[in-house]
1. Assuming F420 fulfils every condition listed in (1) under 23 Å from N232 (Cα atoms); (2) free of Cβ contacts under 8 Å to residues at least 60 places away in the same chain; (3) among the aromatic types (F, W, Y) apart from one, which condition is it?
2. Within the range 388-424, take every residue that is more than 22 Å from L181 (Cα to Cα) and part of a loop (DSSP other than H, G, I, E, B) and give me the one that is nearest to the chain's Cα centre (by Cα).
3. In the set A205, A178, which member is buried (at least 17 other Cβ atoms within 10 Å of the Cβ), more than 17 Å from the chain's Cα centre (by Cα) and not polar (S, T, N, Q)?
4. Identify, please: which residue in the range 75-131 is of a type in the set (S, T, N, Q) and either outside any helix (DSSP H, G or I) or touching a Pro at 6+ places or on another chain (Cβ under 9 Å) (or both) and is, among those, modelled with the lowest pLDDT?
5. If you check L459, L448, which single one turns out to be surrounded by fewer than 17 Cβ atoms within 10 Å (Cβ to Cβ) and among the hydrophobic types (A, V, I, L, M, F, W, C)?
6. So V509 ticks every box in (1) of a type outside the set (S, T, Y); (2) at pLDDT 95 or above; (3) part of a loop (DSSP other than H, G, I, E, B); (4) touching a helix residue (DSSP H, G or I) at 6+ places or on another chain (Cβ under 9 Å) but one. Which box is left unticked?
Amino acid sequence: MNGLMMDMPLNIAALLKHAARWHGNAAIESRLTEGGFHSSNWSEVEQRSRQLAKALLALGVNESDRIATLAWNNYRHVELYYAISGTGAICHTINPRLFAEQIAFIVDHAEDRLLFVDLTFLPLVEKLYGQFKCQPRVVLMTDRAHMPDTALDVLCYEELLAAQDGDYAWPELDERLASSLCYTSGTTGNPKGVLYSHRSTVLHALATCVPDVLGLKATDTLCPVVPMFHVNAWGIPYAAPIVGNRLAMPGPGLDGKSLYEFFEQTGTTASSGVPTIWFGLLNHVREHGLKFSTLKKITVGGSAAPASMIREFQEVYGVEVMHAWGMTETSPVGTAGSLKYSQRNLSTEDKLAIQCKQGRPLFGVDCRIAGPDNEALPHDGNSSGNLQIRGHWVTSGYFRKPDDQSVRDGWFTTGDVANFDAEGFMQITDRSKDVIKSGGEWISSIELENIAIGHPDVLEAAAIAVKHPKWDERPLLVVIRKPDSDLDRDRMLAWFEGKIAKWWMPDDVVFAEDLPHTATGKLMKLKLREQYADYRLPSA
């Protein structure tokens, strides 16, 4: 016997319709690429999204056509999210920080029909357009007054909207229809496409709203610092309409000074981003003796946040820090680091140790760690293995890669090495390709890096494996010192004493001017290993 419940498809447009009807006056504040600020709200965004949907149809867009964006976090990009997917087309967000040849590859691999471009990225498109085999039509995301001179045949975003009356009813779509497409930013080979559905996107949005994850509520002003071109800004543009909170969209201003001023101007209460962003913000407020008027919580993902950063935010500035973990392939949120009831009376140090982990799985996903023979390992806090995940918003395979083997026995293999403690909290100990294998034992490069970053004279650090004649591999620490620091090798290594097992101690320290990063701000360990492939350790 089936239940007698209405059967309504989970469509992305329904999120926007809900926000417009019940939270229509909740503001969406944007810093514009053209300069200045723009104030909108959910009602206006929904109206303009319907106008944009009609414009897309007038341009000949059909169901499942890929429509690309090269844009910052702003209200126009939000409109595109909903107009594209709401018509049944696929919103393909492109990361402008990818290498030029990678951008050219994914535009053609996706066969994009249209390309919506913020003014910042017009020079990039002008440079690459001749390499695009699919030759998408370009739309500049601005008004006529700010249209630049260009040799490309371009359309004006605001003129497209002005030509439509917005008398458009969102169609009822199959909830399993593809809604958006995001490519990975891997360091080897071409990027791989992850194709999300309406169903997976709405379920992910619902799951992230709950108190133990993003904890969104209508009284919040949420600033997604994580870009909308990176895994759909962690799903925030889809989660925010559910509760009707205000959005503050920072545009291209992501340095510490710009973010601080934007947070204060918009009354931001919560934000999400990668550690690199938060280091820049911390440095700014620390150097200028500032405090936060409204900011209460930040969510950190992309890579591990060191204990020193979490401690400073919480103890000095009164801002709660929560770890989350995920991937492009997981929409992205898979775990979140809220404490449990049983942990409420722990000491500050014990709580901090838990906060440094990557959290526990959300309802809707399942995680496990697997050994060499793909057997499940115990959750005892010590057993480390390959992290695998499955769930309602986890990929079942990559776009146009039928021979992909990343899903095995129903589990997606993430490429991370992790362990789970008895309370279900996950700790990423390394990427499987980055772990340092010394004498048959594993050394976590992430833990070495987090300890190094805790040193007051260290700006950034990377730990990599270097070949050793006796131990196979040993750790080399590559460090960027803070300006005017005279930190040397011996003082750096002394910082590790008592914090790690002796055999984990790096064999040497190299001081560098900079470190290579991926398009999403992660360290490019492969490039570092290539750079120091012939490095001779003192112990060798």
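1. (1)
2. So, considering only residues that are more than 22 Å from L181 (Cα to Cα) and part of a loop (DSSP other than H, G, I, E, B), the one nearest to the chain's Cα centre (by Cα) is G424.
3. Values: A205 fails: more than 17 Å from the chain's Cα centre (by Cα).
Of A205, A178, the one residue that is buried (at least 17 other Cβ atoms within 10 Å of the Cβ), more than 17 Å from the chain's Cα centre (by Cα) and not polar (S, T, N, Q) is A178.
4. Q102
5. L459
6. Against the list (1) of a type outside the set (S, T, Y); (2) at pLDDT 95 or above; (3) part of a loop (DSSP other than H, G, I, E, B); (4) touching a helix residue (DSSP H, G or I) at 6+ places or on another chain (Cβ under 9 Å), V509 comes up short only on (3).
Results for (1) touching a helix residue (DSSP H, G or I) at 6+ places or on another chain (Cβ under 7 Å); (2) among the small types (G, A, S); (3) closer than 27 Å to R481 by Cα, shown as yes or no for each residue.
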residue	(1), (2), (3)
P250	yes, no, no
T266	no, no, no
L282	yes, no, yes
E287	no, no, yes
S293	yes, yes, no
M309	yes, no, yes
V316	no, no, yes
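Let's see how each residue does on (1) under 30 Å from A100 (Cβ atoms); (2) without any contact (Cβ under 8 Å) to a residue 12 or more places away in the chain; (3) in contact with a Lys or Arg (Cβ under 6 Å, 6 or more places away or on another chain):
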{"position": "L122", "(1), (2), (3)": "yes, no, no"}
{"position": "T142", "(1), (2), (3)": "yes, no, no"}
{"position": "L152", "(1), (2), (3)": "yes, no, no"}
{"position": "C156", "(1), (2), (3)": "yes, no, yes"}
{"position": "L203", "(1), (2), (3)": "no, no, no"}
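The values are calculated or read from the model by the stated rules, or taken from the named source; none is laboratory data. Being a predicted model, the structure only gives us computed values, none of them experimental. As a convention, Cβ positions derive from the backbone with ideal geometry for all residues, glycine included, and neighbour counts pool all protein chains shown.
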